[in-house]
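Some notes on the structure that comes next.
The values are calculated or read from the model by the stated rules, or taken from the named source; none is laboratory data. Since this is a predicted model, take the numbers as computed values, not measurements. All Cβ positions, even for glycine, are placed from backbone atoms using ideal geometry, and neighbour counts span all protein chains on display. These accessible areas exclude ligands, DNA and RNA; they are computed on the full protein's heavy atoms, side chains included. Shrake-Rupley method; radii C 1.70, N 1.55, O 1.52, S 1.80 Å.
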Amino acid sequence: MVKEIERAGLPVVQMCNLLPVAKTTGANRIVPTISIPYPLGDPKTSREEQNKLRYHRVGVALSALTSDIQEQTVFKVDI
Amino acid sequence: MKLKIGNFHVKDIVFGSELSYRDGVLTIDKEKALDFVRQDPHITEAQLHIVKPGDMVRLFPVKEAVEPRIKTNGEPLFPGFSGPVTGAAEGETKALKGCSVLAVGRHWGGFQDGLIDMGGEGAKYTYFSGLINVVLVADTDETFEQKEQQKKNHAVRLAVHKLAEYLAACVKDLTPEDTDEYDFEPVTKRDSGKNGLPSVIYVMQLQSQMEEDGYNDLVYGWDANHMLPTFMNPNEILNGAVVSGSFMPCSSKWSTYDFQNAPVIRRLYEEDGKTLNFLGVVMSNLNVALEQKERSAVFVKELARSLGADAAIVAEEGYGNPDADFVACIAALEDAGVKTVGMTNECTGRDGQSQPLVTLDEKLTAIVSCGNVSELIELPPMPVVLGELESLARDGVSGGWSDDELLGPSVRPDGSIIMENNAMFCGDQVIGWSQKSMIEF
Amino acid sequence: MKKAIMYVNQFFGQIGGEDKADFKPVIRAEQVGPVQPMAAQLHGEITHTVICGDNFMGSNTEEALAFIIGELEKLEFDLFIAGPAFQAGRYGVACGSVCRAVSRRFGVPVVTSMHVENPGVEMFKKDMYIMKGGNSAVKMRGNLADMARLCNKLLDGEPLLGAEAERYFARGIRHQAWTEGNSTAADRAVDMLLKRVRGEAFVTELPIPKLDRVPIATAIHDLSKAKVALVTSGGIVPVENPDKIQSASATRWGRYDISSMDRLESGVFKTIHAGYDPAAADADPNVVVPLDALREYEKEGRIGKLDDHFYTTVGTGTTQGEAQRMAREMVECLKKDGVDAVILTST
C-alpha cells in the first residue's frame, strides 16, 4: 500500500513495528512503533506515558515527511 | 535418556460394551467415555463419533487432534497441562497408532479452527483424513467467547487430551506390537565417530503470538509467549511436553498429534550416527514485537554456536508477521556459519502473485515450502457433517467468509463450500508431513 | 473444433527480409510459413495468419496493435500464438506486445517462444506463456513442437504442471502442488540439509525474488500549510463495521469522517484485524490510529490541517494485488481532497 501511495507522488511515512517487513515491501520513510497489537501506546504503562510516546513518535513521523532523503530511511525515536 | 514408544496398530475402532483393544480393534464404551468427558462441568453437551478414511463426512470446526497414549509409570500424558509437571524425556509410553482423537465444536468456531473431509477430493488436504478418528463434538459453558473471533477453546481441547489418555488406558498392560526407541545421548558423552559427523539442531518456532494466556502453544504447561528459546531433548517433544494452542490460521498450525509424532525429529533420529549428529531441539517461538523477534533470533544463534551446530533446520508454525521471526532466525544462523534449511508455507494470494513471505532475505538459500495459505478450494456437499458447517462462514474463521462480491458465501445452501486453504485443519503440515510444495506456473 | 490465430513477422510471413521490416500489418485467412507445421500439430484449427514488419511494430506500436485488435474483433478464436522469435530482439518484443494486447482485450490464452536472452522475455514473461526457445531458426521444429504441446493442453483444458515442467519462463505465479512421488517435507528438508553440508547441489523450493522499489517522493517543505491524512492497515473501524471489511484477506476498505473528533473513542471504534490480539486497540483505538496526537499537532500549527477522513483496511493475509488496488482507490480520494502527505500505520 505504502508503495502505491508513494508511486502517486504523495510523500508517505510508514509507522510500524516490523522494520524488516517495511524494508522488504519498499517503504522509504519508516518510523518504528513499539509492537504489533499496540503500535503507539503500551497498555501496561500509564495514560500519560502512552500519550507522551504517541505524541513523540507521531512528531518524528511528521519530521520524516519534511526530510529530504536519498535512500530508505528508518527515523530514530527517543521514547 | 531413552524413550520407548510401544505401538499398537489400530485397524478399526468400534463402539461396544467395554473399553478394550484386541487384534487391532479398539472398542469403546461410548456412554462411559462420554461420562468421563462430562466429568468436566464446563462441557455442556458431548457426542462421540467414529470416522474412517473414505467416509463421506465433513468435520467443522475442528480444534485439536491428539494421539491416544498412556505412560506406563502413571505420569500425566501432557505434563503441566492435563496433570502436574513431570519430566517427559524418558520412560515408556504406549500409543494407539493410526488414529487420533479430534475436538470439534458443536456450534462455535473461530479464527483458528479448521476443516477435515474424510473422503472425496477434500481428503487430500489434511493428514487426519488418513487416520481413523474418534471425534468428540462438544459444546461448553465458555459463553464469554462464543461470539468472539479469537477463542481459547480451553474446555474442549483439555477434554480431548484427557480422552486420549483415557482411551489408551486399555493397552497400558498389554505387550506392544512393536516399539520405537529414541535414545538421546548427552551431547558431551558421544563417541568420536558420531562427533565427527555434521552436527544438526532442529529449531521449532512455536505459535505464541497472543499476549493473553490461554491461546498459545504450551511447553510443560508454560505459555510459549513467555519463553526464551531453550535447548530441549527431542524426546520431550515426542512425549507430551508440547501442547498445541488455539491461535493462527489453521493450515499453519501444528496439532498436539503433530508434536507427538514430529516427522523431522523422527527422520533426524534415523540419520543420527549415520549421516549426522543430532544435537537436539532448540525450542523457540513467534513474537509480536520486533525486539522480541530479534532477541529470540540472538538466543537461537548463540545456542547453536555454543552447542557447536554445523547445520540447522528451522520450522515456523505460522505465517504473516511470524515470517519475520523465521527469516531473522535463519539469517542469524547463516551469519554464524550454520548451514540452515527453513521449512514454511507461503502466502502468495489467491492469484499466486503476492510476495511469498512478508520479509525476504537473500540469506535464505535452502527452503522447503509446504503450501499457499490463500489457495482457493471449492468442495462439493458432504452427506454427513459433524459440528456446524455454517460456522465456517459465520464465525470469523480464517479462510472462510460470510460474503464475497465474486465468490458468494463460503458455505452455500446446498452444503458445498468455497474457502481458502487457510481453513484446512493443520493443512500445510510444516511440521513435516506435507507432500505439497510450491511451484511456479 | 477450437480455433487459433497466429502472428509472425515479415520474414517468416514470407514478405521479405530486413528491407521489408516496415511492412504494415495484414491478416490473412491462410496458414503462412511456420503456421502450417504448427497447424498440423494443433488440437484445433489455425484460421488466420497475422503478419507485420518488425520495424513497423517497433516504431508504430499503437497503430499496429490497434489495427490487429480491430481485425481480430471480427473473428472468433480460443487461442493466440506468436513466433517463435528465437533471439531476435525486435521480433520478440513484437510477439510480446501483440500477445499482451490480445490477452487483455479478448482474455484468451496467448503463447509465444523466445530464447532466454531475448529482451522480450524480461519484458513480457509475467503476462503470458513464453516457451523457452532456441537462439535461431535452426531450432524452429523443436520450438514449434514445444509450443504446440502447451497450446494443446490449453485448448484441451488440461491442467498445467508448472513452468519448469512445461518449459516456459516462470511468470511470478506461485501455487501449491503435490510433489512428485509424494515426498514429505521432513524428508525433503533433511535431504536438502545433507546435500548442503556435503557441498552438493540442491534446489530451494522458494527462490528469493528481487525486490520492487519506488522512487522516493519529494519531502514536504512547509508542513504548516500541508494537509495530512491517516491511513491504517490495522483494521480500525466504527464498531458496526459498516463496510464489512474482512478481518483477514481483505478486499474492502473504509473511509470514515473524523472531522468532529479529537480522538477515537473506545466503544465507537474497534479493530476487526484478526492477525493480532485486539485487546489494546479496542481499549484505545488511538494506539493504532493516532488521531489524538495529530489533533494536538494541528492545534499547535505544526501541520496545516488533518484530513477530515481516515482510511482503513486489514493487512493480514491481504494479497499484494488487492492491497495495490485498494491503495490506488484510496489515492484517488486523497488526491481529490487535496491531501499532501500520508501517515500510514500498520500492525
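Counting lysine pairs in segment C:223-345 that sit 8 or more residues apart in sequence, or on different chains, and whose Cα atoms lie under 28 Å apart gives 20.
For chain C, the 222 nm mean residue ellipticity estimated from helices alone, with every DSSP H stretch of n ≥ 4 adding -39500 (n - 2.57) and the total spread over all residues, rounds to -10000 deg cm²/dmol. Of all DSSP bridge pairs formed entirely within the protein assembly as shown, close to 40 percent run antiparallel. Calculate what fraction, in whole %, of the accessible area of the protein assembly as shown sits on carbon and sulfur atoms when a 1.4 Å probe is rolled over the protein chains. Carbon and sulfur atoms account for 50 percent of the accessible area of the protein assembly as shown. Counted by Cβ distance under 13 Å from B:Thr44, the other residues give a net charge of -3, where Lys and Arg count +1 and Asp and Glu count -1. For segment B:273-295, the residues whose amide N sits under 19 Å from a probe point set 7 Å from the Cα of C:Glu200 along the beta carbon direction are B:273-278. Springs join every pair of Cα atoms under 10 Å in this Gaussian network model of chain C, and among C:Ala323, C:Ala177, C:Ala21 the largest mean-square fluctuation is at C:Ala323. Please say if segment B:291-441 is rounded, prolate or oblate, where rounded means a/c under 1.5 for a ≥ b ≥ c the square roots of the C-alpha gyration tensor eigenvalues, and otherwise the choice is prolate for a/b larger than b/c and oblate otherwise? Since a/c reaches 1.5 and a/b is larger than b/c, the shape of segment B:291-441 is classed as prolate. Is segment C:3-166 rounded, prolate or oblate when judged by the Cα gyration tensor, a ≥ b ≥ c being the square roots of its eigenvalues, rounded requiring a/c under 1.5 and prolate requiring a/b larger than b/c? Verdict is rounded for segment C:3-166. Note on surface exposure: C:Lys139, A:Lys44, B:Lys152 rank A:Lys44, C:Lys139, B:Lys152 by accessible area, highest first, 1.4 Å probe.
Among B:Ser199, C:Ser136, the order of accessible area from largest down is C:Ser136, B:Ser199, computed with a 1.4 Å probe on protein heavy atoms.
What ranking of B:Trp108, B:Trp222, B:Trp433 comes out by heavy-atom accessible area, probe 1.4 Å, highest first?
The ordering from most to least exposed comes out as B:Trp222, B:Trp108, B:Trp433.
Where nothing but the Cβ of Lys and Arg (+1) and of Asp and Glu (-1) is charged, how large is the charge dipole of segment C:223-345 around its Cα centre, in debye to the nearest 20?
It works out to roughly 420 debye.
Over every Cα atom in the protein assembly as shown, the radius of gyration and the widest Cα-Cα span, Dmax, amount to 29.5, 93 Å.
Across peptide C:320-329, the average count of Cβ atoms from other chains found within 10 Å of a residue's Cβ is 5. Here the dipole of chain C is about 800 debye; that uses its Cα centre as origin and unit charges on the Cβ of Lys and Arg (positive) and Asp and Glu (negative). Hey, what D do you get for segment C:168-226 in µm²/s if you plug the Kirkwood alpha-carbon radius into Stokes-Einstein at 37 °C and 0.692 mPa s? Using the Kirkwood radius from Cα pairs, D works out to 200 µm²/s. Only helices enter this figure: runs of n ≥ 4 DSSP H residues, each worth -39500 (n - 2.57), summed and divided by the residues of chain B, yield -5500 deg cm²/dmol at 222 nm to the nearest 500.
Note on B:Thr44: accessible area approximately 90 square angstrom, rounded to 10, probe 1.4 Å, nucleic acids and ligands left out.
Based solely on its DSSP helices, what 222 nm [θ] is calculated for chain A when runs of n ≥ 4 H residues each add -39,500 (n - 2.57) and the sum is averaged over all residues, nearest 500 deg cm²/dmol?
-12500 deg cm²/dmol
Stick to Cα atoms and the Kirkwood definition of Rh, then tell me Rg/Rh for segment C:268-338.
Computed over Cα atoms, the ratio is 1.02.
Using the Cα gyration tensor of chain B, with a ≥ b ≥ c the square roots of its eigenvalues, what is the shape: rounded (a/c below 1.5), prolate (a/b larger than b/c) or oblate (neither)? The shape class here is oblate. Distance from the Cα centroid of segment A:31-46 to that of segment B:379-400 is 36 Å (rounded to whole angstrom). Each Lys or Arg adds one and each Asp or Glu takes one away; over the other residues whose Cβ falls under 13 Å from the Cβ of C:Met6, this sums to -1. Which of C:Gln87, C:Phe169, C:Thr316 sits closest to the plus end of the dipole of the protein assembly as shown, meaning its Cα is farthest towards the positive end, when Lys and Arg get +1 and Asp and Glu get -1 on the C-beta? About the Cα centre, the residue reaching furthest to the positive side is C:Gln87. What figure, in Å² to the nearest 10, do you get for the accessible area of B:Ser244 with a 1.4 Å probe and non-protein molecules left out? Looks like 0 Å² after rounding. Of all beta bridges that DSSP places with both ends in segment B:218-293, some 90 percent have antiparallel geometry. Among B:Val288, B:Val134, B:Val57, the largest mean-square fluctuation in a Gaussian network model of chain B, built with springs joining Cα atoms closer than 10 Å, belongs to B:Val288. Between B:Phe15 and B:Ala336, the distance separating the two model label sites (each 7 Å from Cα on the Cα→Cβ line) works out to 5.4 nm. Here chain C is treated as a sphere whose radius is the Kirkwood value from Cα pairs; by Stokes-Einstein at 4 °C and 1.567 mPa s it diffuses with a coefficient of 53 µm²/s.
Charges were assigned to the Cβ only: +1 to each Lys and Arg, -1 to each Asp and Glu. The resulting dipole of the protein assembly as shown about its Cα centre is roughly 1600 debye. Toward the positive end of the charge dipole of segment B:122-270, with +1 on the Cβ of Lys and Arg and -1 on the Cβ of Asp and Glu, the farthest Cα among B:Asn225, B:Val171, B:Ala159 is that of B:Asn225.
How much accessible surface area, in Å² rounded to 10, belongs to the heavy atoms of B:His107 with a 1.4 Å probe? Looks like 50 Å² after rounding.
Please work out how many pairs of lysine residues in segment B:46-162 are eight or more positions apart (or on different chains) and have Cα atoms closer than 19 angstrom. Count of close lysine pairs: 14.
For segment B:144-215, the list of GluC sites (Glu not before Pro) that fall in a loop by DSSP and count at most 16 other C-beta atoms within 10 angstrom reads B:Glu148, B:Glu177, B:Glu212.
Result for chain C in a Gaussian network model with C-alpha springs under 10 Å: among C:Ile245, C:Ile130, C:Ile69, the largest mean-square fluctuation is at C:Ile245.
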